Amino acid sequence: MKLNKILLTASILFGGLCASAQEEVTEYVFQPYWYGQAQFGAQETLGEGAFDILAGPNAQLAGGYQFTPIFGARVSVNSWRSRATSKLTFKEESGLRDMRYKWHWTYIAPSIEATFNMTNLFGGYNPKRLVDVNLFAGIGINVAWKNNEANAVNKQMQGLFPEIELGKNENGDLIHEGLGQIVPNHDGYNMLGYVWDGTHTRFTGRFGFDVNFNITERLQIGLEANANILNDHYNSKKAGNADWYFNTLVGVKYAFGPRYSTRTRVIEPEVPCEPQIIEKIVEKIVEVPVQVEEKKQEASVFRRDVFFKINKTIVTQQEMTKVAAVAEYLNAHPNAKVTITGYADKGTGSKAINLRLSAKRAEVVAEALRTKFNIPASRMIVKSMGDLEDQPYPDPVQNRVAICIAE
């Protein structure tokens, strides 16, 4: 009787020590949100001139939705002014003379883009970090008008050389047949016949990146750089390849709602408490065979839960000890098999993403058993449950898990 009391006291003390090893951590849970952006900056149109000649003002308004910590979409409207230039060199009696022509026009360019948060992708979700880096790419249209200056330049060139013919010398220069003058083809680009008037709409492709700095939980300031590609003749000249313009913008980004919430999660100790060891000692002392048999039946089912970080499928070093425990059990029980079931937190991501995520979690645990611990694939059953309503834990954060049950 005294021995039983001593063992019972030891069991209580052991349980208390196990409880004290638990740790509570606060975890950030992503919430989808809408946002708006207002930006101002400069544009550089690719062409045959210095930066100061081809630079012009630029502005952009955008609105978007962040679906997950990584993936989002936005609609942007970029507008203001594009510029172009051309230099014409011709012969006079006094020698060569250069003439530089410049013109600009107005445009508006709406587009739709997919966005990718690279900081969350590689560093995990943390809304408290100072900087976020995003990549984006999309398509749109460019509606351009007020090309009056280009048409005026074109008429002036035609007035200077009204009798130009398309004859060329051995260097590829145009030859003015009336005066015998050599006229380089506008820095190698031909304007005559390619200038446009009125309003023109062209398809555009866009890609770029932005860097945002968190000021408050909803407000960010940022820098954006984007490149835009259009078909030839956008600048009223023939280049034989696509035309480009580049925008550099600074501005603000505001979230119209909370971007995250917080949850407290209890982290279990790395080495789990197993009071049944003490129970076995008691059983041996009191020698109750029926209880021993019951404990053997309980021990015939072995379970370990391998937890993952948000949107991750990498088994951490701490969680790998649980995989090792599963392998040790399987090696000790040659007839046992293990069922590995992957889950995902239904509080984040879409159902399709979560199904792939849960499947990958189960697969990486199975792969670790095969490659690190030499467990045959024939002894494993791999399943994925995604973010189904019937999840193993009441706390969604703990459902980022692969549950291993061996029997």
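The values are calculated or read from the model by the stated rules, or taken from the named source; none is laboratory data. Keep in mind that this is a model prediction, so the values were computed, not measured. Reconstructed Cβ throughout: ideal geometry from the backbone, glycine too, with neighbour counts over all protein chains shown. These accessible areas exclude ligands, DNA and RNA; they are computed on the full protein's heavy atoms, side chains included. Shrake-Rupley method; radii C 1.70, N 1.55, O 1.52, S 1.80 Å.
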Among (1) at pLDDT below 95; (2) in contact with a Pro (Cβ under 7 Å, 6 or more places away or on another chain), Gly140 falls short only on (1)
Qualifying residue in region 360-367 (condition: over 18 Å from Leu388 (Cα atoms) and out of contact with any strand residue (DSSP E or B) (no Cβ under 9 Å at 6 or more places or on another chain)):
yes
Positions within region 126-145 being open to solvent by less than 50 Å² (accessible area, probe 1.4 Å) and among the aromatic types (Phe, Trp, Tyr), in sequence order:
Phe136
So Leu130 clears everything in (1) at pLDDT below 95; (2) more than 24 Å from Tyr33 (Cβ to Cβ); (3) touching a Phe, Trp or Tyr at 6+ places or on another chain (Cβ under 7 Å) except one condition, right? Which one?
(2)
Mind listing whichever residues of region 342-377 are open to solvent by less than 40 Å² (accessible area, probe 1.4 Å) and part of a helix (DSSP H, G or I)?
Asn354, Leu357, Ser358, Ala359, Arg361, Ala362, Val364, Val365, Ala366, Ala368, Leu369
What are the residue pairs meeting all of these: first residue in region 386-406, first residue at negative phi and touching a residue at least 60 places away in the same chain (Cβ under 8 Å), second residue open to solvent by less than 10 Å² (accessible area, probe 1.4 Å) and part of a loop (DSSP other than H, G, I, E, B), Cβ atoms under 6 Å, and 6 or more apart or on different chains?
Pro396/Asp345; Arg400/Asp345; Ala406/Ala336
Does Ala352 meet the test of being closer than 18 Å to Thr316 by Cβ and either touching a residue at least 12 places away in the same chain (Cβ under 8 Å) or aliphatic (A, V, I, L, M) (or both)?
no
By residue number, the members of region 62-78 that are within 27 Å of Trp145 (Cβ to Cβ) and buried (at least 17 other Cβ atoms within 10 Å of the Cβ) are Ala62, Arg74, Ser76, Asn78
For residues in region 222-247 being more than 19 Å from the chain's Cα centre (by Cα) and closer than 30 Å to Asn117 by Cβ, which is surrounded by the fewest Cβ atoms within 10 Å (Cβ to Cβ)?
Ala242
Hey, can you tell me all the residues within region 146-170 that are at pLDDT 90 or above and either among the polar types (S, T, N, Q) or open to solvent by less than 70 Å² (accessible area, probe 1.4 Å) (or both)?
Asn147, Asn148
Looking only at region 212-261, which residues are farther than 30 Å from Ala50 by Cα, of a type in the set (Lys, Arg) and either touching a helix residue (DSSP H, G or I) at 6+ places or on another chain (Cβ under 9 Å) or part of a loop (DSSP other than H, G, I, E, B) (or both)?
Arg218, Arg259
Log entry, pairs with first residue in region 211-232 being among the β-branched types (Val, Ile, Thr), second being not in a strand (DSSP E or B), beta carbons closer than 8 Å, six or more apart or on different chains, reads Ile221/Ile215; Ile229/Ala242
Mind checking which residues of region 378-407 are open to solvent by less than 60 Å² (accessible area, probe 1.4 Å), small (Gly, Ala, Ser) and more than 26 Å from Ala352 (Cβ to Cβ)?
Ala406
Region 90-101 - residue that is assigned to a strand (DSSP E or B) and surrounded by fewer than 16 Cβ atoms within 10 Å (Cβ to Cβ) and, of those, modelled with the highest pLDDT
Arg100
Options Ala332, Ala327, Ala368; residue that is under 28 Å from Thr119 (Cα atoms) and hydrophobic (A, V, I, L, M, F, W, C):
Ala368
So, of the residues in region 195-213 that are of a type in the set (S, T, N, Q) and open to solvent by 30 Å² or more (accessible area, probe 1.4 Å), which turns out to be nearest to Lys128 (Cα to Cα)?
Thr201
